[in-house]
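Have a look at the structure below, then the notes.
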Amino acid sequence: MSLLEILEYPDPRLRKKALAVSGVDDELRQTIDDMFETMYAASGIGLAATQVNIQKRLLVIDIADEDEQRQPLVFINPEIEVLDPEPHRHEEGCLSVPGYFEFVERPRKVRVNALDRNGEAFEMVAEGLLAVCIQHEVDHLDGKLFVDYLSVLKRQRIKTKMEKEQRQNLSA
Ligand code: NI
């Protein structure tokens, strides 16, 4: 397994739209394992392929606390249907926007249809943190970030700070 590089906002590659996965094979499963390793190493609870510069509709999630047993979830070609549009406010962060946490409103309850790591179709109903996480990650596959839900001013402030940090890291 290997750690993948996580793209950071405002990298334009985070705006690419991911393509449907046509077949689940060992190569894809290797990518899935690498994504889990990368996500756990960064203490994240979700990672979309877009964030590691792979344009495939694939995401991994594990919302278990670090002291709990791992609960790895794989979603290939996920399709979301809103079951309860009631807005749920949750403070979100993102491995592509490290260090920033902001409240975002999303539908409270969703149904997801996807393929698992064996290519088998499954359906899952999610609410609470899992619903937030799934919607956040599927957004990545469409080139969307949680900062897009913030005011222009807030987003601009985050962008400016991130660019400044990235320049400092480059010159360090
Ligand atoms: Ni994210």
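The values are calculated or read from the model by the stated rules, or taken from the named source; none is laboratory data. Quantities reported herein were computed from a predicted structural model and do not represent experimental measurements. FYI the Cβ positions are ideal-geometry reconstructions off the backbone, even for glycines, and counts take in every protein chain you see. Note: accessible area is taken over every heavy atom of the protein model, side chains too, but ligands, DNA and RNA are not part of it. Shrake-Rupley method; radii C 1.70, N 1.55, O 1.52, S 1.80 Å.
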Note to self: As a test question: what accessible area, to the nearest 10 Å², does Leu153 have when a 1.4 Å probe is rolled over all protein chains in place?
What the structure shows: 120
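Between beta-carbons, use under 10 Å as the cut-off and find the net charge around Lys17, counting Lys and Arg +1, Asp and Glu -1.
+3
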Notebook entry, point to check: In a GNM of the chain with a 10 Å cut-off on Cα contacts, which of Gln135, Gln71, Gln55 has the highest mean-square fluctuation?
Noted result: Gln71
Item checked: the range 24-172 - accessible surface per residue (Å², probe 1.4 Å) -> 52
Margin query: Please report the carbon-and-sulfur percent of the accessible area for the chain; probe 1.4 Å, protein heavy atoms only, DNA, RNA and ligands left out.
Written below: 48
Next item on the list: Only Lys, Arg, Asp and Glu count, each charged at its Cβ (+1, +1, -1, -1), so figure out the dipole size of the chain about its Cα centre, rounded to 20 debye.
Entry: 1000
Notebook entry, point to check: Put Lys164, Lys56 in order of accessible area, largest first, 1.4 Å probe: what do you get?
Noted result: Lys164, Lys56
Next item on the list: On the full set of protein chains, 1.4 Å probe, figure out the accessible area of Leu73 and give it in Å² to the nearest 10.
Entry: 50
Check: Sorted by accessible area (1.4 Å probe), largest first, how do Phe146, Phe122 line up?
Finding: Phe122, Phe146
Next item on the list: Under 28 Å between C-alpha atoms is the cut-off here; go through the chain and count lysine pairs that meet it, provided they're at least eight residues apart or on different chains.
Entry: 24
Checklist line | Shape of the range 1-69, Cα gyration tensor, a/c cut at 1.5 | finding: oblate
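Suppose only helical runs count, i.e. DSSP H with n ≥ 4. What mean residue ellipticity at 222 nm does that imply for the chain under -39500 (n - 2.57) per run, divided by all residues and rounded to the nearest 500 deg cm²/dmol? Write out the running numbers ahead of the final one.
Details: 3 runs with 50 residues, N = 172.
The helix-only estimate for the chain comes to -9500 deg cm²/dmol at 222 nm.
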Next item on the list: With a/c under 1.5 counting as rounded, go ahead and sort the chain into rounded, prolate or oblate using the C-alpha gyration tensor (a ≥ b ≥ c being the square roots of the eigenvalues; past the cut-off, prolate if a/b is larger than b/c, else oblate).
Entry: oblate
Next item on the list: Can you find, among Leu73, Tyr100, Thr31, the residue farthest towards the positive end of the dipole of the range 31-172? Put +1 on the C-beta of Lys and Arg, -1 on that of Asp and Glu.
Entry: Tyr100
Next item on the list: Amide H neighbours of Leu19 under 5 Å, at least 5 residues apart or on other chains, H built in the peptide plane: list them.
Entry: Lys56, Arg57
Checklist line | Within the range 29-135, GluC sites (Glu not before Pro) in DSSP loop having at most 12 other beta-carbon neighbours inside 10 Å | finding: Glu66, Glu68, Glu120
Margin query: Expected output is a single nm value to one decimal: the length gained when fully extending between Ser171 and Glu86, i.e. 0.36 nm times separation in residues minus the C-alpha distance. What is it?
Written below: 26.0 nm
